[in-house]
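First the structure, in the form of structure tokens, and then the observations on it.
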Amino acid sequence: MSSEIAKLIREHNEMMRYSIPLIASENLTSKAVRMCYLSDFGHRYAEGKVGERYYAGCKFIDEVERIAIELTKKLFEVEYANVQPISGVVANLAAFFAFTNPGDTIFSISVPCGGHISHDKISAAGLRGLKIVYYPFDVEEMNVDVEGTEKIAKDVKPKLFVLGSSLILRRQPTKEIKEIAEKIDAKVMFDASHVLGLIAGKVYPNPIKEGADVLTASTHKTFFGPQRALILSDERYGKRIDKAVFPGVVSNHHLHSLAGYAISAMEMLEFGEAYAKQVVKNARKLAETLYDLGYKVLGEKFGFTETHQIAVDVRELGGGDKVARKLEEVGIILNKNLLPWDSVDIASNPSGIRIGVQEVTRLGMKEEEMIKIAEFIDSTLRNKKRAEEIRGEIREFRKSFQTVKFAFEESDAYEIC
Ligand SMILES: *Cc1c(COP(=O)(O)O)cnc(C)c1O
């Protein structure tokens with residue numbers, strides 16, 4: 001039986017090795033990060049804060065967590081960092097516990113407009129007993145409508161404004177929302193799960209510097225980390241965030257991946273800027289090329305994207321579900337996505353697809369490769385060649401991109417340690 005699992009992992013790795021990975025929430029980790037997963041850290045507990053643990057045997061783990069916190073503060077130029085949340089949703093739940101009470105109202109971006117389910121009733125915000133009001137959203141700009149928000153905020157009197165989304169093409173108006181929040185004694189939370197690596201690489205504004213009271217984020221989308229999360233803030237909110245994380249929503253905090261995270265923060269300090277610049281260049285190039293080929297790429301008005309993401313309206317091609325399946329057949333892996341005019345009821349076949357270029361960028365691809373990827377997509381969707389033929393071309397194309405770049409030591413991306 002165990003050999004069956006090993007075989008499935010090998011097959012999965014081979015599939016990824018010869019595919020084009022474009023899911024906007026995923027990335028690769030370096031070998032140095034992965035080696036941490038295999039360490040004894042993954043068998044241990046370290047409940048509590050550094051130096052104040054509830055179990056013995058933590059002295060080396062303490063040192064790793066201390067380093068992880070220091071690196072995080074340096075990277076994001078913040079006073080306070082908690083690196084214990086084991087995922088983005090858990091970080092959001094902790095932030096809701098720290099900054100709201102049951103029955104409070106928050107402003108969230110709706111899911112069709114790009115918001116994450118954890119900002120909504122069905123997930124973390126709902127579990128905290130929060131009432132949700134959706135921001136007015138400017139579809140042309142693919143951004144929060146600040147004036148419209150100001151108009152309703154006075155009456156609604158939310159306790160918290162949540163910014164940051166899962167479909168995020170734009171710089172979001174943190175400063176402006178903060179100004180509105182201050183007038184009604186509300187706080188601002190920015191969920192940077194998608195753009196954390198772009199913030200670290202200084203191509204996306206740092207929400208804390210723009211006035212957000214708290215930033216939550218997962219560490220594995222544009223950032224180079226394992227699948228976990230963090231919370232950043234000012235020192236004055238540190239105590240309540242610590243309490244909300246532990247004992248609130250985290251007991252053990254997955255220490256092997258904590259060690260991996262520390263290494264990924266070092267990689268970000270060293271390579272983050274070069275990587276993030278290339279990510280945005282690549283996203284724009286892919287968007288422009290698809291647009292020129294006749295696809296309905298959202299956001300012509302603002303150069304299509306300011307992040308790692310692109311959104312394409314594929315209704316004319318049968319919708320997001322059909323298009324994603326067709327692309328998967330040739331080895332192009334991406335996801336269907338709701339677009340602002342969709343009802344959440346059609347989440348199984350929404351209008352759009354979402355594309356992220358962060359992972360192919362970490363594999364070393366540049367603008368030239370973005371043109372190739374657009375052509376592969378076009379050949380597939382317009383049936384210019386047989387699927388097997390395109391599959392073969394993609395396998396060939398991938399052969400030159402097999403190592404994880406922007407790392408202290410480049411290594412095979414799919415090697416099993
Ligand atoms: C991905 C995402 C999350 C959830 O992160 P997980 O680590 O998957 O729990 C939260 N918020 C936003 C905006 C996201 O895109």
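The values are calculated or read from the model by the stated rules, or taken from the named source; none is laboratory data. Fair warning: this is a prediction, and the values are worked out from it, not measured in the lab. Positions of Cβ are generated from backbone atoms using ideal geometry, with glycine treated the same way; all protein chains shown enter the neighbour counts.
Quick notes on this one:
- All positions within segment 138-157 that are within 17 Å of residue 211 (Cα to Cα) and touching an Asp or Glu at 6+ places or on another chain (Cβ under 8 Å): 144, 146
- Contact map, segment 62-74: first residue not assigned by TED's automatic domain parsing to the domain that holds residue 257, second residue not hydrophobic (A, V, I, L, M, F, W, C), Cβ cut-off under 6 Å, separation 6 or more or different chains; the map is empty.
- When residue 55 is tested against (1) at pLDDT below 95; (2) within 16 Å of the ligand (Cβ to nearest atom), only condition (2) is not met.
- Hits in segment 113-168 - residues which are in a strand (DSSP E or B) and farther than 26 Å from residue 23 by Cβ: 131, 132, 133, 138, 160, 161
- Residue satisfying condition, being hydrophobic (A, V, I, L, M, F, W, C), under 30 Å from residue 325 (Cα atoms) and out of contact with any Pro (no Cβ under 7 Å at 6 or more places or on another chain), within set 64, 111, 50: 111
- Single match in 14, 47, 65 (criterion: more than 25 Å from residue 362 (Cβ to Cβ) and within 26 Å of the chain's Cα centre (by Cα)): 65
- Residues satisfying the stated conditions in segment 131-159, i.e. of a type in the set (A, V, I, L, M), closer than 20 Å to residue 105 by Cβ and away from the ligand (no atom under 15 Å from the Cβ): 133, 146, 152, 153, 156
- Residue selected from segment 202-238 under the condition surrounded by fewer than 24 Cβ atoms within 10 Å (Cβ to Cβ) and among the hydrophobic types (A, V, I, L, M, F, W, C), by the criterion farthest from the ligand (Cβ to nearest atom): 203
- Flag not set for residue 139, criterion: aliphatic (A, V, I, L, M) and surrounded by 15 or more Cβ atoms within 10 Å (Cβ to Cβ).
- Residues in segment 76-98 that are surrounded by fewer than 21 Cβ atoms within 10 Å (Cβ to Cβ) and in contact with a Gly (Cβ under 7 Å, 6 or more places away or on another chain): 80, 97.
- Scanning segment 1-37 for residues that are under 21 Å from residue 218 (Cα atoms), aliphatic (A, V, I, L, M) and in a loop (DSSP other than H, G, I, E, B) turns up 22, 23, 24, 28.
- Considering residues of segment 186-196 that are hydrophobic (A, V, I, L, M, F, W, C), within 11 Å of the ligand (Cβ to nearest atom) and assigned to a loop (DSSP other than H, G, I, E, B) only, the residue nearest to residue 115 (Cα to Cα): 192
- Test: residue in segment 168-178 that is within 12 Å of the chain's Cα centre (by Cα), in the same structural domain as residue 148 (by TED's automatic domain parsing), within 29 Å of residue 48 (Cα to Cα) and crowded, with 20+ Cβ neighbours inside 10 Å: no
- Residue list for segment 73-94, filter: touching a helix residue (DSSP H, G or I) at 6+ places or on another chain (Cβ under 9 Å), more than 16 Å from the ligand (Cβ to nearest atom) and not basic (Lys, Arg): 75, 76, 78, 79, 80, 81
- On inspection, residue 211 qualifies as touching a helix residue (DSSP H, G or I) at 6+ places or on another chain (Cβ under 6 Å), touching a residue at least 12 places away in the same chain (Cβ under 8 Å), on the phi > 0 side of the Ramachandran plot and in the same structural domain as residue 96 (by TED's automatic domain parsing).
- Just one residue in the set 241, 199 is assigned to a helix (DSSP H, G or I) and either within 19 Å of residue 41 (Cβ to Cβ) or within 16 Å of the ligand (Cβ to nearest atom) (or both); that residue is 199.
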